[in-house]
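Please treat every number below as a calculation from the coordinates, not as lab data. Keep in mind the model is a prediction, meaning the values are calculated, not measured. Cβ placement follows ideal geometry from the backbone for every residue including glycine, while neighbour counts extend to all protein chains displayed.
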């Protein structure tokens, strides 16, 4: 039917876990068995580690949310308006925190927010029932988590590390092709480099899930982190070849290409061909040799860590992939989330509709889930599309397929088409279709509200159906009234932060390794692309942030090498070099590099530093030319 076997296996696991969760919920019995089913629908992921990590954070976030629900209810139970305002403020705070995190940690932050809606706001007319509702919700989530975990183990859900290693290896191959083009002197498009950096950075949250796959999880995480950081550094080395005024001769180019293909790391000194000015500085020959050696060294680091990831070997070092987050974007999203919840809550409160608290709970969930996507309004629009589809499928299941039956086996069979079909959509790589499938499954279960015995109450079905659609529609209207932070504004903030950090220059005591900071810059570039920065009108933005990335990376590498000269006879010269790096003066860097080489001609550490300083000078020169180009374009 067009779906791979892995998708069918995932869908079957989800259906079996749903049935197990329902059976246990009916047997206990729980007040709201749908909570266990919805938990399965939310934490269902293609691999075992991903599902388990999401489950752990769901439990932690639920505990926080229930505790806050009890506190808010105790403080404001007699004043409905203050209760709604307190909830809106809490939701805004959680969205702000989610903006500073990624992956399942961001999900836990927003879940802590909208759990208050699912517990306190739903019981706004019965505050004495909040604690009991929180305990029932916690029990349902625990049943859902245990059910999916058991089924994933019994039905041999795959691990993530094998596919992750394959993805990293594929990125390494493409960076190798990128490097070969640079070695041959061919121009490479900035958007291609930015896309590779974004793809590497996007794997960071998935690496955290390796800790839940086995006892070797921490070792696998270290290997994955190292491989990702080394890939970023390898791409930087490949990009450095584009700014050198020389290229390797044909024989050297072929030798490097073969070394990348055959996993060779040895390189004899290259001969060079000048791009221009055959009488140019002879020091550039050394800069080319160093850059090629750096490229192969980084490639060797990638291969070592990929091998460690596949064999559970412990790497000899651990680079932590730093994350970049824009505080201004997070604050803007948090404030808007609070406004949306407050406006929707006030409208529903004063409209006086029966069971309107259900709509407000759905609105809180949609605000939180939308905060984890680049476009929260598009997420709400997708939920508005999914709500009527889910309502129709829930009605079809309840009043046509089941039609009054009360036998659990028939319920299990009746749920199969809905759960398996939605799970197949969830498994697809297209994020829009996957999100649509998850929304349909969650909304359909909410509207159907499985119970033992099933009530088959048409009025209850219609109310839940309408309120779910109203919630999505009202939130979308609120988001048009108070628009989310625009993607153009987010890009401007990120570009501004890149400029500010670059202008600050070097700091004396950097707490992180150069490779870790390279990865952080790659995360920012990925976020700019996800905010629409890959369009033709934003090519200048990509060129500028890549230029900052190139310069900052080589300057940090040079500074790291300069630290080795501290306390020795070359300390004074090292300080002059550091000052030249801060000023970013290409000619001064070259002159200082030549002085350093003459001061210690036989030291290979100094020779490497001199070559790296030459490369830094060429990056700075290229940036000066780019600045003129961008000024003319503006």
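Miscellaneous remarks
- Shape of the range 3-136 from the C-alpha gyration tensor: oblate (a/c of 1.5 or more and a/b not above b/c, with a ≥ b ≥ c the square roots of its eigenvalues).
- The protection proxy used here, the mean number of other Cβ atoms lying within 10 Å of each residue, ranks peptides 17-24, 375-382, 454-461, 189-196 as follows, highest first: 17-24, 375-382, 189-196, 454-461.
- Full extension of the chain between residue 463 and residue 71 yields a length gain of 138.1 nm, computed as 0.36 nm times the residue separation minus the alpha carbon distance.
- 12 Å cut-off, amide nitrogen to a point 7 angstrom out along residue 214 Cα→Cβ, residues in the range 312-336: 312-313
- Ranking of 548, 318 by neighbouring Cβ atoms within 10 Å, starting from the fewest: 318, 548.
- Separation of the range 199-213 and the range 131-195, taken as the distance between their Cα centroids, equals 6 angstrom.
- Gap separating the Cα centres of the range 338-373 and the range 589-621, nearest whole Å: 61
- For the chain, averaging the sequence separation of C-alpha pairs within contact (under 8 Å, six or more residues apart) and dividing by the residue count gives a relative contact order of 19 percent.
- Set of the range 572-593 residues, backbone N closer than 12 Å to the point 7 Å along the Cα-Cβ line of residue 510: 582
- Of 448, 212, the sequence from fewest to most neighbouring Cβ atoms within 10 angstrom is 212, 448.
- Neighbour counts of other Cβ atoms within 10 Å put 100, 244 in the fewest-to-most order 100, 244.
- Degrees, to the nearest 10: 80-98 long Cα axis against longest axis of the chain: 30
- Stretchable slack from residue 503 to residue 583, in nm (0.36 nm times residue separation minus alpha-carbon distance): 27.8 nm
- Estimated FRET transfer efficiency when R0 is 25 angstrom, pair residue 477-residue 428 (beta carbons, to 0.05): 0.25
- Nearest-0.05 FRET efficiency for residue 604 and residue 60, computed from C-beta distance (R0 41 Å): 0.20
- Correct option for mean projected area of the Cα convex hull in nm² [calculated from the coordinates] among (1) 29.7; (2) 27.7; (3) 31.1: (3)
- Label-point gap, in nm, between residue 456 and residue 153 - each point 7 angstrom along Cα→Cβ: 3.9
- Spin-label pair residue 187-residue 399: with each label point 7 Å from Cα along the Cα-Cβ axis, the two points sit 6.4 nm from one another.
- Listed peptides 554-565, 160-171 appear in the order 554-565, 160-171 once ranked by packing, highest mean of other Cβ atoms within 10 Å at the front.
- Inter-label distance, residue 571 to residue 413: 8.5 nm, where each label sits 7 Å from its Cα along the C-beta direction.
- Degrees between helix 356-370 axis and first principal axis of the chain (Cα, 0 to 90, nearest 10): 10
- Computed from the Cβ-Cβ distance with R0 of 51 Å, the FRET efficiency linking residue 6 to residue 254 stands at 0.80.
- For the chain, the longest principal axis of the C-alpha atoms and the axis of helix 431-448 are separated by about 20°.
- Using alpha carbons only: equivalent-ellipsoid semi-axes of the range 487-633, gyration tensor based, whole Å: 32, 16, 11
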